[in-house]
Amino acid sequence: MPLKIAQLGQPVLRQVAEPVPPADIEKREFQQFVDAMAETMRESNGVGLAAPQVFSSRRLFLAAVLPSATEGRREQVEVFVNPKITPISEEQVSGWEGCLSFIELLVLVPRARHVRVEYLDRTGKPKTLELSGWLARVVQHENDHLDGVLTIDRAATTRDIVKASEIDAVRGHSHEDDEDDD
Ligand code: NI
């Protein structure tokens, strides 16, 4: 069953999440929780979902950032446990981001263009990924959720916060990337 998604105003979205004890990863409860998050993300058509968004304050998120086996298909979902993100260039780029915790809004957010992510996958195996552009943006957005940070906090000005329904009216000002909910 899909999980309930915390909406803007819920205190859990503003907490700093706790690391996942690595020994918990192989446990049934954790694996079932990951499956429930995946289902919730799918049902919401999201490209990412962080545990605090489903009322669980632990350092874990899902993001569709792995290359798909089939050309033209959406990226595959990876599970990021206790992630650490490091920019690998100085370059920043702004793009419009949605969020499943407030789908009514889009926010123009500056992010690092290239990042390295170190994390444990859902089997507990340490992994490193290097991502660029939109995929780098998705993991930075989700990782922010683990620190209680939302897109609205990252807007360069409150003028960069708009109703999703009105995005066409402001598109002329934006730079790259399509919006997506995560
Ligand atoms: Ni979000």
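Where a number appears in this text, it was derived from the coordinates with a stated rule and is not lab data. Being a predicted model, the structure only gives us computed values, none of them experimental. As a convention, Cβ positions derive from the backbone with ideal geometry for all residues, glycine included, and neighbour counts pool all protein chains shown.
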Determine whether the range 62-75 contains at least one residue that is surrounded by fewer than 19 Cβ atoms within 10 Å (Cβ to Cβ), in a loop (DSSP other than H, G, I, E, B) and among the hydrophobic types (A, V, I, L, M, F, W, C).
yes
Specify the residue that is nearest to the ligand (Cβ to nearest atom); the eligible residues are those in the range 144-154 that are among the β-branched types (V, I, T) and either more than 11 Å from E97 (Cα to Cα) or buried (at least 21 other Cβ atoms within 10 Å of the Cβ) (or both).
T151
What are the pairs, 6+ residues apart or on separate chains, where a residue within the range 135-161 that is in contact (Cβ under 8 Å) with a residue 40 or more places away in the chain has its Cβ under 6 Å from a residue that is more than 10 Å from the ligand (Cβ to nearest atom) and in a loop (DSSP other than H, G, I, E, B)?
L146/A17; L146/R59; D147/V16; G148/Q15; G148/V16; I161/A155
Residues located in the range 116-143, provided they are more than 13 Å from A63 (Cα to Cα) and either within 16 Å of the ligand (Cβ to nearest atom) or of a type in the set (V, I, T) (or both):
T123, T128
Across the range 78-120, what is the total count of residues that are under 21 Å from E166 (Cβ atoms) and in a loop (DSSP other than H, G, I, E, B)?
6
Being closer than 18 Å to T151 by Cα, more than 15 Å from the ligand (Cβ to nearest atom) and not β-branched (V, I, T) narrows it down to one residue among S68, S94, S89; which is it?
S94
